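Inspection log for the structure reproduced underneath, given as structure tokens.
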Amino acid sequence: MLMRDEVSRVLGEVKKVILGKDEVIEKVLMAILAQGHVLLEDVPGTGKTTMALAFAKALGLEYRRVQFTSDTMPSDIVGFSVYDREEGRLSYKPGAIMTNLLLADEINRTSSKTQSALLEAMEEKHVSVDGVTRDLPRPFIVLATENPVGSAGTQMLPNSQLDRFLVQLSMGYPSLETQASILRDRHAKNPLDQVVPVLTRDELEVLIADTATVHLDDALYLYIATLAEATRTDEYVELGLSPRGALALTRMAQACAFVAGRDYVTPDDVLTVFADVTCHRLILNAKARLNEVNAAGVVSRVASSVPIPQRTVANPLA
């Protein structure tokens, strides 16, 4: 069932252009295999667009990019209808969302109405224009970015919309050695020219289907449910991990195991992706702000307080 060679080839192609960020690259691939969307919160110039292009090229996907601004309209995203005089009827003009991989750049710089149009389509996997519903291409992945520096003119995503993203990741600046390598190797050539497709869309669909069959022991279902419950009862949390968030954690844990070449999930898989799935879904209370506790701190507390199950398929005799 597992196709470790295909996974390794995809990662290898993306790593040609994104240096020193192997963990982030692997987690983006996990999100794709788990049929989820990714929110990248980072300052400009850290390689978000380059990574999206590399994934689109390596996976053989159609790619589009939207630079969100205050005047971006919902119709720019979902499309619109115009009257065709020759045919005597309305003709649909597809929006940017009609693609396989959409890079939604600086999603917090557009209106809440436009954000909602995108996020609704992400969840429903279709768009409705003038009463006609059209399915989005398969697979469909959104890589959205937020710039945490400079909030003037921004519309931050509410929690109910952040919940639509499977994970929130940050690439961060490269290390000193990696930065030197980038400067040495890339001033005269475009590394994206070296990336070649290693999968077709149909082959990616097979990988996605295989990821959904990765086994979880009953003890791990209870472990994930217990982690979710612990976030809801934490003294610093006003709103904890929702059932949808717990399901997202399950899917990401399956994808983590799949990328590692296994057909079963371990507790380490759950913990590897726990913060990425959970932090952006939590709403902290006034006590947390008073004590300068952030979401990452809460997640760390919860992970260390919930007992790790000992009886799983990976260790049946424990």
If Ile77 satisfies every condition in (1) among the β-branched types (Val, Ile, Thr); (2) open to solvent by 70 Å² or more (accessible area, probe 1.4 Å); (3) at pLDDT 85 or above but one, which is the exception?
(2)
Flag for Tyr173 being touching a helix residue (DSSP H, G or I) at 6+ places or on another chain (Cβ under 9 Å) and under 25 Å from Arg262 (Cβ atoms):
no
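Does Lys16 qualify as being buried (at least 19 other Cβ atoms within 10 Å of the Cβ) and of a type in the set (Lys, Arg)?
Values: buried (at least 19 other Cβ atoms within 10 Å of the Cβ): no; of a type in the set (Lys, Arg): yes.
Against the criterion (buried (at least 19 other Cβ atoms within 10 Å of the Cβ) and of a type in the set (Lys, Arg)), Lys16 does not qualify.
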Which of (1) touching a Ser or Thr at 6+ places or on another chain (Cβ under 7 Å); (2) more than 28 Å from Leu247 (Cβ to Cβ); (3) not small (Gly, Ala, Ser) is the odd one out, the single condition Lys16 does not satisfy?
(1)
Suppose the filter is crowded, with 20+ Cβ neighbours inside 10 Å and touching a Ser or Thr at 6+ places or on another chain (Cβ under 7 Å); does Leu207 pass it?
no
Taking segment 210-224 as the search range and keeping residues that are part of a helix (DSSP H, G or I) and among the β-branched types (Val, Ile, Thr), which one is surrounded by the most Cβ atoms within 10 Å (Cβ to Cβ)?
Thr211
Segment 80-100, subset of a type in the set (D, E, K, R) and at pLDDT below 80, residue least open to solvent (accessible area, probe 1.4 Å)
Asp84
So, in segment 177-212, how many residues would count as being among the hydroxyl-bearing types (Ser, Thr, Tyr) and modelled with pLDDT of 90 or more?
1
Log entry, pairs with first residue in segment 225-254 being closer than 12 Å to Arg301 by Cβ, second being assigned to a helix (DSSP H, G or I) and open to solvent by 70 Å² or more (accessible area, probe 1.4 Å), beta carbons closer than 8 Å, six or more apart or on different chains, reads Ala230/Ser305; Asp234/Arg301; Glu235/Lys287; Tyr236/Lys287
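Residues in segment 82-92: is at least one touching a strand residue (DSSP E or B) at 6+ places or on another chain (Cβ under 9 Å), within 24 Å of Lys48 (Cα to Cα) and of a type outside the set (S, T, N, Q)?
Filtering segment 82-92 for residues touching a strand residue (DSSP E or B) at 6+ places or on another chain (Cβ under 9 Å) gives 82-84, 89-92.
Within this subset, residues satisfying the condition of being within 24 Å of Lys48 (Cα to Cα) are none.
No.
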Taking segment 106-140 and the residues there that are open to solvent by 10 Å² or more (accessible area, probe 1.4 Å) and part of a strand (DSSP E or B), the one that is nearest to Phe165 (Cα to Cα) would be His126
Note on segment 183-193: residues surrounded by 12 or more Cβ atoms within 10 Å (Cβ to Cβ) and more than 22 Å from the chain's Cα centre (by Cα) are Arg186, Pro191
Checked Thr69, Thr49 against criteria (assigned to a helix (DSSP H, G or I), touching a residue at least 12 places away in the same chain (Cβ under 8 Å) and open to solvent by 30 Å² or more (accessible area, probe 1.4 Å)); the one match is Thr49
Which helices (runs of 4 or more DSSP H) does segment 230-311 wholly contain that include 2 or more residues that are modelled with pLDDT of 90 or more and among the β-branched types (Val, Ile, Thr)?
243-259, 267-278, 295-305
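The values are calculated or read from the model by the stated rules, or taken from the named source; none is laboratory data. Everything numeric in this text was worked out from a predicted model, so none of it was measured. Backbone-built Cβ (ideal geometry, glycine too); neighbour counts: all protein chains shown. The protein model used for the area step is the full one, side chains on, heavy atoms only, and it has no ligands, DNA or RNA in it. Shrake-Rupley method; radii C 1.70, N 1.55, O 1.52, S 1.80 Å.
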